[in-house]
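Report on the structure given below.
The values are calculated or read from the model by the stated rules, or taken from the named source; none is laboratory data. Because the structure is predicted, anything quoted here is derived from the model rather than measured. Neighbour counts are summed over all protein chains in view; Cβ atoms, including those assigned to glycine, are modelled from backbone coordinates with ideal geometry. Keep in mind that these areas ignore ligands, DNA and RNA; they rest on the heavy atoms of the full protein, side chains included. Shrake-Rupley method; radii C 1.70, N 1.55, O 1.52, S 1.80 Å.
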Amino acid sequence: MESLFADEAFDRRPEIVAPGAVWLPGFLGPEAQSWIIARYAEWQAGPVPPHATAIAGHPMSVQTIGLGWHWRPGRYDRRADDVNREFVLPFPDWMKRLGRQVLQGATEVVDDSAGFGPDAAGVWGFDPEDYHPDVALVNYYDAHAKMGMHQDKDEFDPAPVVSLSLGDTCLFRFGNSETRNRPFTDLRLASGDAFVFGGPARFAFHGVQSIRAATAPDHGRLDHLGGGRINITMRTTGRD
Ligand code: SIN
Ligand code: MN
C-alpha cells in the first residue's frame, strides 16, 4: 500500500518532459497491455532468443529481442551473429500503426502547448502518418535490472523514438543531450505508459534507475516471466 500512495504522489497526466520529449501515461488500455504481453511470449520463442547484449565486453542486465533488426552497439544487422546466427523476426505492421498513434497523441500534447513554442510538425520534423519505424528493441528487466544513462544514436534517421512500458513500474531518468548528469527529470513509467523523444530531445541521455518489483497492475503482470518489466522502443534505423 505504501508504494501505491507513493506512486500517486507523481502526477500522471500527459506531460512535455523536455522540448521534444512527451510522456503519455496510460496510453495503452488494459486489453492492449495484455495483448502485447502475449506477443512477447511469441517473440521469446525465437528464432533469436532474448539475450544480454555486451557493451564494451560487459553484458547488459536487460535481455533484448530485436524485431526488424538485430542491435549491437554501433550496428544493426538482420542476423544475430553474436547470438545464434539466426535472422530476427520482422518488425510487425501493428507496431508501426501503434507507433503512429502514440506520435499522434504526443503531437496533440505539443500542439496544445504550441502557444509556448513550435507546433508538433515543427518539433518532430514531419507528420505522424509519415512515421516509418523499422526496428523495435524489446527489453526485459527483472527486478534487479537497470540501464545506464545513454543516447540512442545508432540510427541514421533522426525520427522520434517511441517507447512503451509493460509490467512493473520503473524509475526512468530523462536528461539532456550534452551530459549524463543534471539537468534531468525522473519519472515513473508504469504499465501502459508511452514516451516519445524526438526533435531537440532525440539525442538526450536517458536510463532506467530501478524497477519497482510487484507494482504491475493485474492486466500487466508478467507472471510467466517471474514479474519484471518489458520496454519496447521503436526506432527508424535509416538503413537497408
Ligand atoms: C532504452 O533506453 O532503450 C530503454 C528505456 C526504457 O526501458 O524505458
Ligand atoms: Mn535508449
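Does the stretch 62-77 hold any residues that are in contact (Cβ under 8 Å) with a residue 24 or more places away in the chain and over 16 Å from the mean Cα position of the chain (by Cα), and which are they?
Listed by number, the residues that qualify are PRO73, GLY74, ARG75, TYR76.
For the stretch 170-212, how many residues are polar (S, T, N, Q) and under 14 Å from VAL17 (Cβ atoms)?
Matching residues across the stretch 170-212 total 3.
Looking at the stretch 50-63, can you tell me whether even one residue there is within 29 Å of PRO19 (Cβ to Cβ), touching a Phe, Trp or Tyr at 6+ places or on another chain (Cβ under 8 Å), β-branched (Val, Ile, Thr) and not in a loop (DSSP other than H, G, I, E, B)?
No: the stretch 50-63 contains no residue that is within 29 Å of PRO19 (Cβ to Cβ), touching a Phe, Trp or Tyr at 6+ places or on another chain (Cβ under 8 Å), β-branched (Val, Ile, Thr) and not in a loop (DSSP other than H, G, I, E, B).
In the list HIS132, HIS58, which residue meets the criterion of being open to solvent by 10 Å² or more (accessible area, probe 1.4 Å), closer than 14 Å to THR236 by Cα and away from ligand 1 (no atom under 16 Å from the Cβ)?
HIS132
In the stretch 38-81, which residues are out of contact with any Asp or Glu (no Cβ under 8 Å at 6 or more places or on another chain) and farther than 17 Å from TYR141 by Cα?
Matches in the stretch 38-81: GLU42, ALA45, ALA56, GLY57, LEU67, ASP77, ARG78, ASP81.
Of all residues being more than 15 Å from ligand 1 (Cβ to nearest atom) and either of a type in the set (D, E, K, R) or out of contact with any Phe, Trp or Tyr (no Cβ under 6 Å at 6 or more places or on another chain) (or both) in the stretch 226-240, which is most open to solvent (accessible area, probe 1.4 Å)? Just the residue, please.
Among them, the one singled out is ASP240.
Within the stretch 8-43, track down each residue that is within 17 Å of MET95 (Cα to Cα) and exposed (fewer than 13 other Cβ atoms within 10 Å of the Cβ).
Answer for the stretch 8-43, where residues must be within 17 Å of MET95 (Cα to Cα) and exposed (fewer than 13 other Cβ atoms within 10 Å of the Cβ): GLY29, GLU31, ALA38, ALA41, GLU42.
Consider ALA120 against the criteria (1) in contact with a Ser or Thr (Cβ under 9 Å, 6 or more places away or on another chain); (2) at pLDDT 95 or above; (3) among the small types (Gly, Ala, Ser): it satisfies all of them except one. Which criterion is unmet?
Unmet condition: (2).
Looking at ALA214, is it at pLDDT 95 or above, open to solvent by 10 Å² or more (accessible area, probe 1.4 Å), assigned to a loop (DSSP other than H, G, I, E, B) and closer than 18 Å to GLN63 by Cβ?
no
Filter the stretch 167-183 down to the residues that are out of contact with any Phe, Trp or Tyr (no Cβ under 6 Å at 6 or more places or on another chain) and of a type in the set (Lys, Arg) and list them by number.
Listed by number, the list holds a single entry, ARG182.
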